[in-house]
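Working notes, structure below.
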Amino acid sequence: MIKIEMFESSLNFIRCPNCGGKLNLDNYKKESEILEGILKCKKCQLDFPIIDKIPIMLIDFDKYISEHKILSGKLYKLASTKKMKEKLKLIFNGISWKNIDKSEVEERWADIYENSRNDEFYKKIKRHLELIPKRKVVLEYGCSIGIISNYISDFNEKVFGVDKSFIAIQIAKKEQKNNIEFILSDFASLPFGNKKFDMILGLNILELIEPNILLKIMNSQISKGYMIISDPYDYQRGIYSVKHPLNELQIRKKLIQLKFKISIETKKPSFIPWQLKLNNRANLNYKVDIIIAKK
């Protein structure tokens, strides 16, 4: 059986999310590849831990942990070296814990996506992606449990999946092949510097970040290639709602302004069913639009 770790070759792509500087590796535990260690920025000296083979690339790790108290205990248990346990203990002792703990919510949604992985929505997305020529370097934002990232790694050279849920990435790594890397990060902590990608996916994440900002980020990372976006445009998130939502027509107009050409198949808005199985008695039903655009 192939052991899945963080691949050292991925360090050629990863940069400090704070300043874009190159990273040094302080390797705590390694077999064929990196199991545990610290990535340290040469310029700003920020540290980024690798725990359970997952690089945690967050500018403000303390803030993230303050909202994930349950996860903090799990990370400490997962740490396999004395050096990492001591480092985590020092961090945790200085944390001002928030009243909210996002750990359980993220675990619940990871389970929901796991139970819904065979939904028709994913099958249709896969069929669209099969028609796109092989790409050298691909990035998926909001990869969650890796349903699509792992799938496209079969016919693309190098794939990165980024998500802010540790438990989701743990699940994604169970099917990980040697040409894919999963990274814990968020939109405030983009760990690729000025790296350009040949294809970027953002599936059903427009409610997580202002759509205009997301499109700006994705556009800056593509000089020539594909952008794939899907969403049900469910922006009603209470206090977490984005301030400037974009609908299916506005998204297309914005992409055209950014010099993208929208595929014939996705010029018109679509209504792909997406059923999320919340539990044995309840489902969440969406109608999802997909846009495939090329620059």
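The values are calculated or read from the model by the stated rules, or taken from the named source; none is laboratory data. These figures come from a predicted structure and were not determined experimentally. A quick note on method: Cβ atoms are made from the backbone with ideal geometry, for glycine too, and the neighbour counts reach across all protein chains shown.
Looking only at segment 60-78, filter to residues that are in contact with a Phe, Trp or Tyr (Cβ under 9 Å, 6 or more places away or on another chain) and either in the same structural domain as residue 193 (by TED's automatic domain parsing) or assigned to a loop (DSSP other than H, G, I, E, B) (or both); which one of those is farthest from residue 29 (Cα to Cα)?
This residue is 67.
Could you list, in sequence order, the residues of segment 97-124 that are touching a helix residue (DSSP H, G or I) at 6+ places or on another chain (Cβ under 6 Å) and in a loop (DSSP other than H, G, I, E, B)?
Passing the criteria: 97, 98, 101, 117.
Scan segment 47-55 and give yes if some residue there is over 19 Å from residue 86 (Cα atoms) and either out of contact with any helix residue (DSSP H, G or I) (no Cβ under 6 Å at 6 or more places or on another chain) or not assigned by TED's automatic domain parsing to the domain that holds residue 178 (or both), otherwise no.
No: zero hits.
It is to be established whether one or more residues within segment 204-225 are assigned to a strand (DSSP E or B), of a type in the set (A, V, I, L, M, F, W, C) and not assigned by TED's automatic domain parsing to the domain that holds residue 22.
Checked against the condition, which is being assigned to a strand (DSSP E or B), of a type in the set (A, V, I, L, M, F, W, C) and not assigned by TED's automatic domain parsing to the domain that holds residue 22, segment 204-225 yields no hits at all.
Listed here are the residues, each with its yes/no results for (1) among the small types (Gly, Ala, Ser); (2) more than 30 Å from residue 100 (Cα to Cα); (3) assigned by TED's automatic domain parsing to the domain that holds residue 285; (4) in a loop (DSSP other than H, G, I, E, B).
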{"site": "229", "(1), (2), (3), (4)": "no, yes, yes, no"}
{"site": "235", "(1), (2), (3), (4)": "no, no, yes, yes"}
{"site": "239", "(1), (2), (3), (4)": "no, no, yes, no"}
{"site": "243", "(1), (2), (3), (4)": "no, no, yes, yes"}
{"site": "250", "(1), (2), (3), (4)": "no, yes, yes, no"}
{"site": "253", "(1), (2), (3), (4)": "no, yes, yes, no"}
{"site": "270", "(1), (2), (3), (4)": "yes, yes, yes, yes"}
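Checking residue 121 against (1) under 30 Å from residue 40 (Cβ atoms); (2) in contact with a Pro (Cβ under 8 Å, 6 or more places away or on another chain); (3) buried (at least 19 other Cβ atoms within 10 Å of the Cβ): exactly one of these is not met. Which one?
Just one mismatch for residue 121, condition (1).
Out of the residues in segment 31-50 meeting the condition of being farther than 19 Å from residue 18 by Cβ and either charged (D, E, K, R) or modelled with pLDDT of 95 or more (or both), tell me which one is surrounded by the most Cβ atoms within 10 Å (Cβ to Cβ).
36
How about segment 124-152: which of its residues are of a type in the set (Ser, Thr, Tyr) and buried (at least 22 other Cβ atoms within 10 Å of the Cβ)?
141, 144, 149
Residue 291 versus (1) within 28 Å of residue 224 (Cα to Cα); (2) free of Cβ contacts under 8 Å to residues at least 60 places away in the same chain; (3) within 22 Å of the chain's Cα centre (by Cα): which is the lone unmet condition?
Here residue 291 clears every test but (2).
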